[in-house]
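Below: one structure, written as C-alpha cells.
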C-alpha cells in the first residue's frame, strides 16, 4: 500500500516507541526469566508509551510478544518456563501508536554462546541488512527478496518459505507479502511512502516448518535451530529509512 508523505512522521513515532521497548526488553532476557515475565514487561513498557500491544488478541493470539526458543521459528507463546543458559531466543513484538503500527523482531543468545547459534543469528541479521540495502524507489520486491536469499544460500542456511514479511501501516499486516527468497527484477515495484516489514527467518536445516497443536507455535521440521530479525522500514523519495533501528 502507498501512503501519503504526511504518514511518515506518524510511522516514525510508532517505530521510535517500539525501538525503545526493544532496548529495554532485550536487557531482561537473562537466565531464569520466564516468557510470561518478559511478556508482562513488554506490555507494561508499550502502554507506558501511550501505545497498544498490536499482537495481544490479534486473531486470538494470547500475548503481547512472541518468544521462540531454539527450534521454534516464530509465534512461540510465552509460558512459565524459565529461559536457560545457552538458549537462542527470538522475540517478535509490535505496537500501535495513534492508529499506526510498527513491528520488529530480534534474536539473542543467553551465554554461554555456542558458535553455531552465533553464526545462525549473525547471518540472519546480515540477511536483513542486505534486504534493507536493496530497498529504494523503483526497485521490484523480488530484488529485495533475492538479496536476502543470497546471504542465506551463501551460508548454507535454510530459508523458511511458509511465512513472509509484509506491508504495514494502519494495519499490522498489509500487502505486499515479502518472501525471503525470490528473483531479481520481479514482483511489485517499491514506491515512496510504502511501509514494509522485512523479516528473514533462517534455520540450520532445510527451512521446513510445522505448526503445533496450539495453532501458533511454528517449529522446524528437523528440530534445528532458527533465528529471526525484523525491521519496519519506510521507502522514501531517495532510498529507505529504518523505523525500528534496534540493532546496528
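Quick look at the numbers
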read-out: Any hit, segment 88-107, residues being under 23 Å from residue 9 (Cα atoms) and assigned to a helix (DSSP H, G or I); value: no
read-out: Spans of strands (runs of 3 or more DSSP E) in segment 140-245 with at least 3 residues surrounded by fewer than 22 Cβ atoms within 10 Å (Cβ to Cβ); value: 174-178
read-out: Those residues of segment 14-40 which are under 24 Å from residue 167 (Cα atoms), in contact with a strand residue (DSSP E or B) (Cβ under 9 Å, 6 or more places away or on another chain) and surrounded by fewer than 18 Cβ atoms within 10 Å (Cβ to Cβ), in sequence order; value: 16
read-out: Any chance residue 43 is surrounded by 15 or more Cβ atoms within 10 Å (Cβ to Cβ), without any contact (Cβ under 8 Å) to a residue 60 or more places away in the chain and within 22 Å of residue 90 (Cα to Cα); value: yes
read-out: Enumeration of residues in segment 19-58 that are touching a helix residue (DSSP H, G or I) at 6+ places or on another chain (Cβ under 8 Å) and assigned to a helix (DSSP H, G or I); value: 20, 21, 24, 25, 38, 41, 42, 45, 46
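Rule-based calculations on the coordinates, nothing more; no lab input. All of these numbers come straight from a predicted model, not from anything done at the bench. Heads up, the Cβs are rebuilt from the backbone with ideal geometry, glycines too, and the neighbour counts pull from every protein chain shown.
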